[in-house]
Amino acid sequence: MIKIDKCVAKPTEFNVIKITSALGDEVQKAFKAANKLDEKLDRPSNTWKAIFQYHGLIWTDIWGFEFIANYGKENQCKRRPVSLNDRIIEDRDSEQFLIPNELFERYFM
């Protein structure tokens, strides 16, 4: 027989980044500038800096706006597309998660 227990979550704090069109424009502009600077270099160090600066958000002309959770860490995730109003959550250990808008509003608003 299945036993079902009750669970109560402790209050917790975390950082949230909301994906907006203004943020998308800013990220796109930053990555185009980084790509221009990286053309003269052997490796894309300016692009790497931009990925860290924007917490894993990236822009490419081919794929558009995407997110790499935990960029540069051993638990780095693969690229995932993002949509307007999605949220990036960073917990107190700096681990990142991409949460779709409807799930964020259901569980955190």
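For this structure, a couple of remarks:
- Between residue 9 and residue 62, the modelled label-to-label distance comes to 3.7 nm, taking each label 7 Å out from Cα in the direction of the beta carbon.
- Averaged per residue, the chain has 78 square angstrom of accessible surface, using a 1.4 angstrom probe with ligands and nucleic acids left out.
- Gyration tensor verdict on the range 1-56 (Cα atoms; rounded if a/c is under 1.5, prolate if a/b is larger than b/c, oblate otherwise): prolate
- Portion, in percent, of the accessible area of the chain that falls on carbon or sulfur, probe 1.4 Å: 54 percent
- Remark: spin-label model distance residue 74-residue 41 equals 2.6 nm, labels positioned 7 Å along the Cα→Cβ axis.
- In terms of distances greater than 29 angstrom between alpha carbons, the cross-link table entries 18/78; 18/49; 3/78; 32/73; 3/73; 32/78 yield 3/78; 3/73.
- Base-10 log of normalised Debye intensity for the range 44-109 (one unit scatterer per alpha-carbon) at q = 0.28 Å⁻¹: -1.33
The values are calculated or read from the model by the stated rules, or taken from the named source; none is laboratory data. Note that this is a predicted model, so its numbers are computed, not measured. Glycine gets a Cβ as well: all are built from the backbone with ideal geometry, and neighbour counts include every protein chain shown. Just so you know, the surface numbers come from the protein's heavy atoms only, side chains and all, with ligands and any DNA or RNA stripped out. Shrake-Rupley method; radii C 1.70, N 1.55, O 1.52, S 1.80 Å.
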